[in-house]
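As structure tokens, the structure follows; a few thoughts come after it.
The values are calculated or read from the model by the stated rules, or taken from the named source; none is laboratory data. Just so you know, these numbers come straight off a predicted model, no measurement behind them. No Cβ is skipped: glycine too gets one built from the backbone with ideal geometry, and neighbour counts run over all protein chains shown.
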Amino acid sequence: MTAAVRIRRMGPLPQVTMRAAPADRALRGRLGAALTVAPPTTPNTVAEAADGRLHVLWLGPDEWLIVRPEGAGPDVAPAQEAAIHDAAADAFVTSVDVSANRVGLEITGRAARPLLAFGCALDLDPRHLGPGCCAQTMVARAGVILWALGAEPTPSFRLLVRPSFATYLETWLRDAEVGLG
């Protein structure tokens, strides 16, 4: 591995998908209080709790992914779901623990953007996909949620990929890394 990029498979990440009516401001307020951060309503953005221990990724007009840090424990997602449903009161909200549905791969270093550009059709320029942004896309023909974390000169990304594609994608990234020189 070159010093220009670091690829790391992450430990378990507690994740919950949530669907709710984004136009219901009262509901969004209650969910924000329960989550400690309001779900973002701007497309392809990520909201972070003040303590940094919870992120809410915008996946669609009425869909978000709530992600806790790796190693947070298996009981975190069910507790998160209970808090969501308590906050919803009688408003329509759905949530599903999807912790086992995606594996996290972290890519960090000054060559992280060029490495991802080998297999991703998105414009990865930091003006379009900088820290606090996310997108559902393909990397090396594997469906991923691409999440930009760190800023230049040492950008950092997290790829959330299905477990059945994780080894393939990690191997592809390491092979593509060789092409960076």
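Before moving on, here are some points about what is shown:
- Given (1) in the same structural domain as residue 56 (by TED's automatic domain parsing); (2) over 30 Å from residue 28 (Cβ atoms), number of the condition residue 94 does not satisfy: (2)
- The set of residues in the range 119-139 being without any contact (Cβ under 8 Å) to a residue 40 or more places away in the chain and within 27 Å of residue 30 (Cα to Cα) consists of 131 alone.
- Scanning the range 150-181 for residues that are without any contact (Cβ under 8 Å) to a residue 60 or more places away in the chain, within 16 Å of residue 122 (Cβ to Cβ) and not in a loop (DSSP other than H, G, I, E, B) yields a count of 3.
- Against the list (1) surrounded by 18 or more Cβ atoms within 10 Å (Cβ to Cβ); (2) within 18 Å of the chain's Cα centre (by Cα); (3) modelled with pLDDT of 95 or more, the condition residue 68 fails is (3).
- Residues that are surrounded by fewer than 18 Cβ atoms within 10 Å (Cβ to Cβ) and small (Gly, Ala, Ser) within the range 111-131 comprise 117, 119, 121, 130, listed in sequence order.
- When the residues of the range 146-181 are filtered to those that are β-branched (Val, Ile, Thr) and closer than 18 Å to residue 12 by Cβ, the one that is surrounded by the fewest Cβ atoms within 10 Å (Cβ to Cβ) is 167.
- Checking each residue in the range 146-165 for being over 13 Å from residue 107 (Cβ atoms) and either in the same structural domain as residue 42 (by TED's automatic domain parsing) or out of contact with any Lys or Arg (no Cβ under 7 Å at 6 or more places or on another chain) (or both) picks out 151, 152, 163, 164, 165.
- Yes/no for residue 57 being under 26 Å from residue 108 (Cα atoms), surrounded by 21 or more Cβ atoms within 10 Å (Cβ to Cβ) and not assigned by TED's automatic domain parsing to the domain that holds residue 156: yes
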